[in-house]
Structure formats: C-alpha cells, structure tokens
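Presented below is the structure to which this report refers.
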Amino acid sequence: MIINYPSNPTGGVMTKEDYAKIVDIIKESGIYVVSDEIYAELSFDQPFASLAQFDEIKSQIIVVNGFSKAYAMTGWRLGYCMANKELSSVMNKIHQYVIMSAPVMSQYAGIEAIKNGYDDVLMMKDDYLKRRNFLVNRLNRMGLKTNMPHGTFYVFCNIQSTGLDSETFCERLLQEHKVACVPGNAFGQSGEGYIRISYAYSIDHIKEAVIRLEQFLKNLDK
C-alpha cells in the first residue's frame, strides 16, 4: 500500500487516531506500506503522525522522505528511505547497480540542513500558515469553495461554479491574466472541477495573483 500524508494536492492529513484504525489490518495482512512523508514538517494544525510510530507494524513500514519541501532544496535530488534491516539490505543491493549516489555537494548540503537548518523550517512553516489562511479566506470570499488544507503548501480549489472544466479554466487564466495553476484532472478523474494553487510564493505575489484571479472571475460573469 502506498500512502502520502500530508497529501498533495489537497493538503489532507492523517492523525495518529486515524492510522490506529488500520493498524490491525496491516499487521494481519502482512502487507508492506510505503509512506511518502515528504511534507512531514509542513503539518499545520496537529502533530505529524506516521504509521512507523506503531511498534507492532514498524517492520512493515517503508518511510520515504527528502529535503526538497521542508528545506526548500528542490533540484538537489536528495532523499532517504527507512525500512527494516532485511528489506534495506535488499534495496541497497538493487540501488547500487541502478543509480549512482547523490552528488557530494547535495550530501553536504543535506548535512548542513539537518544540523543547522531546522529553525528556518519552523520560520517558513509559520509563513506558509499565514499565506494559507490568507489565500483560503480570499478564495472563499470570491465564491470559489476551498477547504482548509492541514498540510503541504497547496490548496485544492473548487471551480465548478464557473462552468468551466479545470483545463479550460487554467489555460484561460494563464493566457488572459498570466496566473499559472494546475488543473485538478492532472491528479485523476476525481480532480476534475478543481484547480491546485501553490502558496510557496511570497505574500506579495499571492496577493497579486488573487487580484488577477478575481478579475478573471468578474470577466466570466460579463
């Protein structure tokens, strides 16, 4: 089973209480769970939870994480995986013949990030929280229903009220007002009628984008 929380694109999270409900199923079935926790540090409204916290299934959990989101190291291509000793040994044998190791400069950058960068993670997390609150509030005020994401730095905005499909909405918004969003159907059929908006930008850029988006909606009503 593959899980990804906090989740892109919705910002959904799982609490420890949520996970507890499936622990017995995972244990009895003997399945392995790949848990993509790349947004672990960007869980806003409750403590981050992982299936690896449950000792009775810990050996069945494969945690995947990296530096691109929390430490803003996208492009450094540095990540890591945690699994039981037997599985890790097999994974290592396969990995060393499939791909070279991460670049030396990326490894040193990762060491520096872990040793001295966590204060910056907390600072950015607080800034993301302010941007999230601003963006969700403005989107709802202009009539685009948007649930509050509890993690990551995206909102999944409902645009069904406009009568446009998600690709048409994003293409026109880009062409007419130079604002780029991702159509919801890029994440599967159930994402149709939504767009993903990132708030990993300065608040000034977000404010300008919101002004342009509101003007786009007004032009649709004419």
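The values are calculated or read from the model by the stated rules, or taken from the named source; none is laboratory data. Values in this document were obtained by computation on a predicted structure and should not be read as measured data. Cβ placement follows ideal geometry from the backbone for every residue including glycine, while neighbour counts extend to all protein chains displayed.
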Any hit, the stretch 165-176, residues being over 22 Å from Asn133 (Cα atoms), hydroxyl-bearing (Ser, Thr, Tyr), assigned to a helix (DSSP H, G or I) and touching a residue at least 40 places away in the same chain (Cβ under 8 Å): no
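Among the residues that make up the stretch 19-28, is at least one of them closer than 30 Å to Val182 by Cα and among the aliphatic types (A, V, I, L, M)?
no
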Filter result for the condition that a residue is in a helix (DSSP H, G or I), in the same structural domain as Tyr39 (by TED's automatic domain parsing) and over 26 Å from Asn8 (Cα atoms), over Ser89, Ser101: Ser89
Search result, residues across the stretch 177-205 that are part of a helix (DSSP H, G or I) and touching a Phe, Trp or Tyr at 6+ places or on another chain (Cβ under 6 Å): His177, Gly184
Selection status of Met73, within 15 Å of the chain's Cα centre (by Cα) and either farther than 30 Å from Leu129 by Cβ or among the aliphatic types (A, V, I, L, M) (or both): yes
Answer from Asn140, Asn147, Asn185 - the residue that is surrounded by fewer than 17 Cβ atoms within 10 Å (Cβ to Cβ) and touching a Ser or Thr at 6+ places or on another chain (Cβ under 7 Å): Asn140
Residue list for the stretch 60-90, filter: hydroxyl-bearing (Ser, Thr, Tyr) and either in contact with a strand residue (DSSP E or B) (Cβ under 9 Å, 6 or more places away or on another chain) or surrounded by 15 or more Cβ atoms within 10 Å (Cβ to Cβ) (or both): Ser68, Tyr71, Tyr80, Ser88
Filter result (over 16 Å from Tyr118 (Cβ atoms) and either without any contact (Cβ under 8 Å) to a residue 24 or more places away in the chain or not in a loop (DSSP other than H, G, I, E, B) (or both)) within the stretch 32-46: Val33, Val34, Ser35, Asp36
Members of the stretch 188-205 found to be buried (at least 18 other Cβ atoms within 10 Å of the Cβ) and not small (Gly, Ala, Ser), listed by number: Tyr194, Ile195, Arg196, Ile197, Tyr199
Condition met for Lys93 (at pLDDT 95 or above and surrounded by fewer than 11 Cβ atoms within 10 Å (Cβ to Cβ)): no
Subset of the stretch 1-58 [small (Gly, Ala, Ser) and farther than 19 Å from Ala83 by Cβ]: Ser7, Gly11, Gly12, Ala20, Ser43
